Amino acid sequence: ETGVTQTPRHLVMGMTNKKSLKCEQHLGHNAMYWYKQSAKKPLELMFVYNFKEQTENNSVPSRFSPECPNSSHLFLHLHTLQPEDSALYLCASSQPGQGDGAQHFGDGTRLSIL
Amino acid sequence: DQQVKQNSPSLSVQEGRISILNCDYTNSMFDYFLWYKKYPAEGPTFLISISSIKDKNEDGRFTVFLNKSAKHLSLHIVPSQPGDSAVYFCAASHSGTYKYIFGTGTRLKVLA
């Protein structure tokens with residue numbers, strides 16, 4: 001599925017680096033999400049944006065900073081991350097109230113913290 | 001406390017047979033349930049959903065059953081095909097929120 005595109009696909013960074021993950025959706029959805037998937041754990045919801053407004057921050061540490069400039073783009077800015085932050089970060093979008101309302105996911109960014 | 005549980009981390013089924021994947025939830029406020037399929041190096045892909053006003057929803061080879069009193073749902077795949085080999089996640093939400101709670105997934109392997 002190419003409706004939700006995430007870049008980069010892989011990222012290796014040191015604990016003192018600053019980097020950003022990008023997500024773009026071409027589905028006309030109004031809601032966008034960041035999830036974290038660690039090994040043997042369920043997908044953990046991090047942030048939800050609806051019409052560019054943040055509606056959910058699931059107790060995420062401040063070293064993760066989301067940005068949603070418009071309904072089609074979502075960023076996750078990273079700084080001074082810890083080794084335990086190594087995981088797959090998934091972006092998703094949805095259009096609540098229409099059709100199946102299901103979330104459509106990108107293929108994720110595999111993040112490794114050295 | 002995990003609100004959505006998939007207690008079987010893996011399942012192997014012979015091609016042509018039925019695959020049954022199970023999911024339990026604890027929050028009685030959940031009223032919409034979804035199943036996703038995930039191949040390696042790809043994001044989860046939506047498969048099928050069910051609203052709490054129904055107890056069954058069917059789409060081709062995939063059927064989801066919901067037992068609200070038991071807080072249990074299951075995904076049936078019949079007949080199973082090797083291409084169905086993937087990790088399957090169930091998810092639940094409460095209408096009016098944008099919050100989806102996922103299970104840990106079940107890895108299905110369909111043997112040719």
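What the table shows:
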| item | result |
| --- | --- |
| Dipole of the range A:1-104, positive end: most advanced residue of A:ASN70, A:VAL60, A:ASN30 [Cβ charges, Cα centre] | A:VAL60 |
| Proximal lysines relative to B:LYS56, as straight alpha-carbon distance under 27 Å, when same-chain residues fewer than 8 apart are discounted | B:LYS5, B:LYS37, B:LYS38, B:LYS68, B:LYS71, B:LYS99, B:LYS109 |
| Shape category assigned to the range A:1-79 from the gyration tensor of Cα positions, a/c cut at 1.5 | rounded |
| Chain A: relative contact order in percent, alpha carbon pairs under 8 Å with at least 6 residues between | 37 |
| Span from the the range A:1-68 Cα centroid across to the the range B:12-29 one, whole angstrom | 28 |
| For chain A, Cys with no neighbouring Cys Cβ under 4.7 Å | A:CYS68 |
| Of all DSSP beta bridges in chain A, antiparallel share, percent nearest 5 | 90 |
| Carbon and sulfur %, accessible surface of the range B:11-79 computed with the full protein complex present, 1.4 Å | 51 |
| Accessible surface buried once A binds B (1.4 Å probe; total of both sides; Å²) | 1700 |
| Å² of accessible area per residue within the protein assembly as shown, as computed with a 1.4 Å probe and no ligands counted | 48 |
| Sulfur and carbon atoms: percent of accessible area, the range A:1-104 [1.4 Å] | 49 |
| Length-normalised contact order for chain B - Cα pairs under 8 Å, 6+ apart - percent | 37 |
| Label-to-label distance, nm, for residues given as B:ARG61 and B:VAL78 (7 Å Cα→Cβ offset) | 1.4 |
| Student exercise, chain B dipole from Lys, Arg, Asp, Glu Cβ charges, in Debye to nearest 20 | 100 |
| Estimated FRET transfer efficiency when R0 is 30 angstrom, pair A:LYS18-A:ALA39 (beta carbons, to 0.05) | 0.75 |
| Complex-versus-alone comparison for the range A:40-65, residues with a loss of 40 Å² or more in accessible area, probe 1.4 Å | A:PRO42, A:LEU43 |
| Cα-based shape type of the protein assembly as shown, given that a ≥ b ≥ c are square roots of the gyration tensor eigenvalues and the cut on a/c is 1.5 | prolate |
| Contact order normalised by residue count of the range A:26-65, Cα under 8 Å, 6+ apart, percent | 31 |
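The values are calculated or read from the model by the stated rules, or taken from the named source; none is laboratory data. Quantities reported herein were computed from a predicted structural model and do not represent experimental measurements. As a convention, Cβ positions derive from the backbone with ideal geometry for all residues, glycine included, and neighbour counts pool all protein chains shown. For the accessible areas, the whole protein counts, side chains as well, though only heavy atoms, and no ligand, DNA or RNA atoms are used. Shrake-Rupley method; radii C 1.70, N 1.55, O 1.52, S 1.80 Å.
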